[in-house]
1. Suppose the filter is crowded, with 19+ Cβ neighbours inside 10 Å and at pLDDT 95 or above; does LEU60 pass it?
2. Under 6 Å by Cβ, and 6 or more places apart or on different chains, what pairs join a residue from segment 99-124 that is over 18 Å from ALA63 (Cβ atoms) with one that is open to solvent by 70 Å² or more (accessible area, probe 1.4 Å) and at pLDDT below 95?
3. Being open to solvent by less than 70 Å² (accessible area, probe 1.4 Å) and in contact with a Ser or Thr (Cβ under 7 Å, 6 or more places away or on another chain), is that true of even one residue in segment 5-15?
4. Starting from segment 5-19, take each residue that is without any contact (Cβ under 8 Å) to a residue 24 or more places away in the chain and list its partners that are open to solvent by 60 Å² or more (accessible area, probe 1.4 Å) and part of a loop (DSSP other than H, G, I, E, B), counting only C-beta distances under 8 angstrom and pairs at least six apart or across chains.
5. Going residue by residue through segment 54-71, is there one that turns out to be among the charged types (D, E, K, R), closer than 28 Å to VAL106 by Cα and either part of a strand (DSSP E or B) or in contact with a His (Cβ under 8 Å, 6 or more places away or on another chain) (or both)?
6. Restricting to segment 87-105, what's the tally of residues that are in contact with a strand residue (DSSP E or B) (Cβ under 7 Å, 6 or more places away or on another chain), at pLDDT 95 or above and either open to solvent by 40 Å² or more (accessible area, probe 1.4 Å) or under 15 Å from PHE28 (Cα atoms) (or both)?
7. Sort out which residues of segment 24-36 are open to solvent by 60 Å² or more (accessible area, probe 1.4 Å) and in contact (Cβ under 8 Å) with a residue 24 or more places away in the chain, and write them in order of number.
Amino acid sequence: MSGLIDRLPHRAPFRFVTEVVSTDPASFEAMWRVDGTEDFLRGHFPGDAVVPGVLITEALAQAAGLHLLVRGDDGPHGGMLVQSEMRFRKPVRPPADITLLVKEDVSLGALHRFEVRALVGDGRVAEGTLVLAIVRGEADPADAVTS
């Protein structure tokens, strides 16, 4: 399923999904392997590296976008994160395999809301909701939201 990951518009160093674990019409599971050598960890925080929560949110959004791709529900520019409401339960320190769980809650036109969770081992590290917009034509999120 690595070909699926290549369909994301993101490229290194901003592609965080490293493996697709399972695809299901109702849910999607992926993995982000953080080995501790990532450049963003040098300053967050020196001597006590912590994976930034905003990057965990982005990884979950990328997994949600992959879920839309699997379903064939994507535009020329894919999905764009337009809203997030996240709760972070505990810090993630490398090395870590972060499991990304995505379940679509509701969709309305170009907007898709997902319930998301990030786990390390059996422990929840983050959870919340994300809204992605499918961007068609020009990549202007305002067009996707108002269409």
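1. The answer is yes for LEU60.
2. Final answer for the pair search is ALA110/SER147.
3. Scanning segment 5-15 turns up no residue that is open to solvent by less than 70 Å² (accessible area, probe 1.4 Å) and in contact with a Ser or Thr (Cβ under 7 Å, 6 or more places away or on another chain).
4. Going by the 8 Å Cβ cut-off, the qualifying pairs are GLU19/MET1.
5. Within segment 54-71, none of the residues are among the charged types (D, E, K, R), closer than 28 Å to VAL106 by Cα and either part of a strand (DSSP E or B) or in contact with a His (Cβ under 8 Å, 6 or more places away or on another chain) (or both).
6. Here the count works out to 12.
7. PRO25, ARG33, ASP35
Quick grid of which residues meet (1) of a type in the set (Ser, Thr, Tyr); (2) under 11 Å from the mean Cα position of the chain (by Cα):
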| residue | (1), (2) |
| --- | --- |
| GLY3 | no, no |
| SER22 | yes, no |
| ALA30 | no, yes |
| ASP39 | no, no |
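The values are calculated or read from the model by the stated rules, or taken from the named source; none is laboratory data. Please read these numbers as outputs of a predicted model, since none were measured by experiment. Ideal geometry is used to build each Cβ from the backbone, glycine not excepted, and the neighbour counts take in all protein chains shown. Please note that ligands, DNA and RNA were not included when accessible areas were found on the heavy atoms of the full protein model with its side chains. Shrake-Rupley method; radii C 1.70, N 1.55, O 1.52, S 1.80 Å.
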